[in-house]
Amino acid sequence: MITYVVIILLIAFAFDFINGFHDSANSIATIVGTRVLSPFAAVLWAATFNFAAVFFGSQAVAKAVSTGFVAANMVSPNVICAGLIGAVIWNLITWYFGIPSSSSHALIGGYAGAAVAKGGFSALLWGRKWIETLSAIVLSPLFGMLIGFALMVLVFNLFQKATPRRIEKLFRPGQLLSSAWLSLAHGTNDAQKTIGIIVGLLVASKDAIAKETGWTRYLYVESVDHIPAWVKITAYSCISLGTLFGGWRIVHTMGSRITRLRPVSGFCAETGGAIVIFTASHFGIPISTTHTITGSIVGVGATNRLSGVRWGLARQIVWAWVLTIPMAGTIAALSYLLLSAFVPF
């Protein structure tokens, strides 16, 4: 049992790494697309602030993932493992095709799909967190788009008499700050989701771990209200390392294929996205950072002209968003059935 729990922990941290790898585009696509930083400098910058997020914010998102979606009596090592497998496979599929889908919704969808495979739809807690999360699929990119659009209009009005060269000189360093803020926001929301899954696993396995000695005694967690420091540090380290390696296919999609960006528009897109993500993290809502920054990029692109946004590509991205929860859930459900045939946990 302990060996199986350790294996699932490793899968969870691998998912966290892939999350950072997959979502590095959220933090660096705009700053790379505007050529403010080189790709390597951008991922190093983003990874630094991803990790710095461990020292900021609350644990509200982690607790929401641990307790808000699946009934406690349905949580088991097999459910957690299958949920992670579903999320990892869907993330890799969308990464391969360069589609900026949501790692967050892949994780939640996988977790839910595995729980449904175990106990039917009654295994899910149909309440506030599901309403918030499903609503955020629509609202987070919408708010990102509106705030990005509003910031861009504000900048246009404030600097209408400034020359393009002066605006470029001002917003190139400004985009360093907005990119750092967005990376910090990404860490406060996304790393927390993996932490929530890990804590759920350890609480569900606490009876088997209670009598352990040696290093395995540190796996014991009494309740979701107590998150061990080693879980937080490791989770933030993994997502930061994933960001450092970067998902270049998705960077290209978001940095140049949705709309053409300049430092001023990159600044507005990143600032708009960060505002939405920090707000959601404060209220414990696990939103998609991918959805949010994509919406912000669309918003700033639309200030030039609607034709400045490649709506055909945007439509493909939206379809990926719609399919993420059911597809990750389906993969996880099949994984749970397969695991249950061989592992009695």
What order, most packed first, do the peptides 270-279, 130-139, 102-111, 6-15 have when packing is the mean number of other Cβ atoms within 10 Å of each residue? 102-111, 270-279, 6-15, 130-139
Among (i) 70, 38, 32; (ii) 100, 59, 36; (iii) 64, 49, 46, the entry that matches Cα extents along the principal axes in Å as calculated here: (i)
Would you mind checking the pairs Lys193/Lys232; Lys118/Lys211; Lys63/Lys118; Lys129/Lys193; Lys63/Lys206; Lys118/Lys232 and listing those with alpha carbons more than 19 angstrom apart? Lys118/Lys211; Lys63/Lys118; Lys118/Lys232
Rounded to whole Hz, the Karplus (6.51, -1.76, 1.60) HN-Hα couplings of the stretch 190-195, x for glycine and proline: 6, 5, 5, 5, 5, 4
Name the long-range amide H neighbours of Val70: under 5 Å, sequence gap of 5 or more, or other chain; modelled H, no Pro or chain starts. Leu125
Determine ³J(HN,Hα), in whole Hz, for all residues of the stretch 224-236 in sequence, where each value follows from phi through the Karplus function 6.51 cos²θ - 1.76 cosθ + 1.60 and θ = phi - 60°; x replaces Gly and Pro. 5, 6, 10, 10, x, 4, 5, 5, 5, 4, 5, 4, 5
Relative contact order of the stretch 2-342, defined on C-alpha pairs under 8 angstrom at six or more residues apart (%): 40 percent
Computed [θ] at 222 nm, helices only, for the chain once each DSSP H run of length n ≥ 4 contributes -39500 (n - 2.57): -24500 deg cm²/dmol
Whichever lysines have a C-alpha closer than 24 Å to that of Lys161, once near sequence neighbours (fewer than 8 apart) are set aside: Lys169
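Values quoted throughout were computed directly from the atomic coordinates according to the rules given, and no laboratory measurement underlies them. Predicted model, so just to flag it, every value in this text is computed and none were measured. Reconstructed Cβ throughout: ideal geometry from the backbone, glycine too, with neighbour counts over all protein chains shown.
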